[in-house]
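Values in this text are rule-based calculations from the coordinates and carry no lab data. Note that the coordinates shown come from a computational prediction; the quantities given were computed from them, not determined experimentally.
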Amino acid sequence: MLETRAIVIRLEGNEALVESRQGGGCGRCDSENGCGSGKLSQLFCTKPRRFRVRNEANAQVGSEVQISLAEGVLLRSALLMYILPLMLLLCGGALAGLIAQDAASADGYAVAGGLVGLLLGFILANRLALRQRGLAVAQPVIASCTDSACAAREH
């Protein structure tokens, strides 16, 4: 389970807009066993990140909350958005290069086929991402409130 802390900025129905200042990674960046990816993200991402999450804990504006994302969702999303278009780019280029009539035009065909494959890859990735967005398991959720005011409302 991937987790991060955030502050609720705005409520929108059963969802909340939250802001997270915590760097990326697993949260073990300060220990010697950590990989340091959080330090790298702090270098390049200085603005706080805002994103929409399901508000299953009934958190209120200003509450500090723990956000959770199911295992594997991030990896599947990365594969979908990066690997699928790349694979279709390579396949499109290879197939178009094979149908060229002569060796002089093979490079032009390969470039055109690669661009068509890349475009189709992005379109397909976008459609699959929209379908995945509707799945409850693929969405981040407020797992719990970590501040005392929110904890008092839960009881």
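The figures follow:
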{"read-out": "Region 51-125: C-alpha gyration tensor shape, a/c 1.5 cut-off, then a/b vs b/c", "value": "prolate"}
{"read-out": "Vicinal HN-Hα couplings computed from phi for region 60-73 (Karplus, 6.51 cos²θ - 1.76 cosθ + 1.60; Hz; Gly/Pro x)", "value": "10, 4, x, 6, 8, 10, 9, 9, 10, 9, 4, 4, x, 5"}
{"read-out": "Net lengthening on full extension, Arg131/Glu19 (0.36 nm per residue, minus Cα-Cα)", "value": "37.8 nm"}
{"read-out": "Additional length obtainable on full extension of the chain from Arg52 to Leu86, 0.36 nm per residue less Cα span", "value": "9.4 nm"}
